[in-house]
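The structure appears right after this line, and notes come after that.
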Amino acid sequence: MATNVASNITWHQGNINQNDRESLLNQKGVVLWYTGLSGSGKSTLANAVEERLYQRGRLTYMLDGDNVRHGLNKNLGFSPEDRTENIRRIGEVAKLFCDAGAIVMTAFISPYKKDRRAARALVESGKFIEIYCAADLKSCEQRDPKGLYEKARSGQIRQFTGVDAPYEIPEHPELAIPTHRISLEDSVDWVIAYLEGREIIPSERDSQQSAG
């Protein structure tokens, strides 16, 4: 990682601000931060929520853990230091999408509380929604959709969260969804209801009235 820090830089504020963009889009820019063990359903739920929001005319963007490591974070490994840098970069990218007025979803294990707190601190209060996919280790290991737990147990993968690396459970997430016990559809309904209740998106009824 680069050791030189840029200096003599100044933040330039544009003429159009976040409130302007949110007004144009008729939604609030927020970060939906999905966290949980590998196999807990983070990406599955985030993609399903994005699809539902798209059907309702909402502007969204999805940042998936594996996808980001193909480009932006391809130089990072899985040491504690690299995991922290991985989440720091994602937090900064999510902040930009949030400022653009989008509903940005991140699906990362993000195992450390301090890293999730740092990502939360980047955006205004109320714009970071931590969604804990609360499937337990046994359920995630039984699913093991990528075969990663098996490889970790056999020693083929080192520093794997839940096996030989820790996962720090969120203490006060906005939502804690037992993804191992309820259906995907019900999980999506739970997230959408939260967004409507917080007036991040119009209710379906309000949207229909506006269209009419």
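The values are calculated or read from the model by the stated rules, or taken from the named source; none is laboratory data. Because the structure is predicted, anything quoted here is derived from the model rather than measured. Quick reminder, even Gly has a Cβ in these numbers, built from the backbone with ideal geometry, and neighbours come from all protein chains shown. What goes into the accessible areas is simple: the full protein's heavy atoms, side chains included, and nothing from ligands, DNA or RNA. Shrake-Rupley method; radii C 1.70, N 1.55, O 1.52, S 1.80 Å.
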With all protein chains present, calculate the accessible area of Ile16 using a 1.4 Å probe and round the result to the nearest 10 Å².
-> 100 Å²
Straight-distance crosslink candidates among lysines, where the alpha carbon sits under 22 Å from Lys113 and sequence neighbours closer than 8 are dropped | Lys42, Lys95, Lys127, Lys138
Quick one: order Ile9, Ile129 from most to least accessible surface, probe 1.4 Å.
-> Ile9, Ile129
Write down Rg/Rh for the range 131-180, rounded to two decimals, with Rg from the C-alpha atoms and Rh from the Kirkwood relation over Cα pairs.
-> 1.02
So how far apart, in nm, are the two label points at Asp20 and Gln159 if each is 7 Å from Cα heading toward Cβ?
-> 4.3 nm
Show Thr44, Thr161 ordered by accessible area, largest first, where the area counts protein heavy atoms only and the probe is 1.4 Å.
-> Thr44, Thr161
Dimensions in Å of the range 95-175 - Rg and Dmax from alpha carbons = 15.1, 45
The range 41-49 - phi-based ³J(HN,Hα) in whole Hz, Karplus 6.51/-1.76/1.60, Gly and Pro as x | x, 4, 5, 4, 5, 4, 5, 5, 5
Where the only charges are on Cβ atoms (+1 Lys, Arg; -1 Asp, Glu), what is the dipole of the chain about its Cα centre, to the nearest 20 debye?
-> 440 debye
Among the trypsin sites (Lys or Arg not before Pro) within the range 133-208, which fall in a DSSP loop and have no more than 16 other Cβ atoms within 10 Å of their own Cβ?
-> Lys146, Arg158, Arg181, Arg198
With every protein chain in place, the accessible area of Lys74 for a 1.4 Å probe, in Å² rounded to the nearest 10, comes to 150 Å²
For the range 138-197 and the range 79-116, write down the distance between their C-alpha centroids in whole Å.
-> 17 Å
Per-residue accessible area for Thr10 at 1.4 Å probe radius, Å² rounded to 10?
-> 100 Å²
Amide H contacts of Glu130 (H built 1.01 Å from N, under 5 Å, at least 5 apart or other chain) = Trp33, Glu174, Leu175
Quick tally, 1.4 Å probe accessible area for Met105, Met62, sorted with the most first, runs Met62, Met105
Amide H neighbours of Tyr61 under 5 Å, counting only residues 5+ apart in sequence or on other chains, H built in-plane at 1.01 Å?
-> Ile103, Val104, Met105
In order through the range 9-17: 3J(HN,Hα) via Karplus (6.51 cos²θ - 1.76 cosθ + 1.60), integer Hz, x for Gly, Pro | 10, 10, 6, 9, 8, x, 6, 9, 10
Quick one: if the Förster radius is 25 Å, what FRET efficiency do His70 and Ala100 give, using the C-beta to C-beta distance and rounding to 0.05?
-> 0.65
Length-normalised contact order of the chain, Cα under 8 Å, at least 6 apart, in percent, tallies to 30 percent
Taking θ as phi - 60°, what are the ³J(HN,Hα) couplings along the range 174-182 by the Karplus curve (6.51, -1.76, 1.60), each to the nearest whole Hz, with x for Gly and Pro?
-> 5, 9, 10, 10, x, 5, 8, 10, 10
What accessible area per residue comes out for the chain, rounded to a whole number of Å², with a 1.4 Å probe?
-> 57 Å²
Of the chymotrypsin sites (Phe, Trp or Tyr not before Pro) in the range 1-61, which ones lie in a loop per DSSP and count no more than 16 other C-beta atoms within 10 Å?
-> Trp11
Checked against the structure, the computed volume of the Cα convex hull per residue in Å³ among (i) 104; (ii) 158; (iii) 131 is the one labelled (iii)
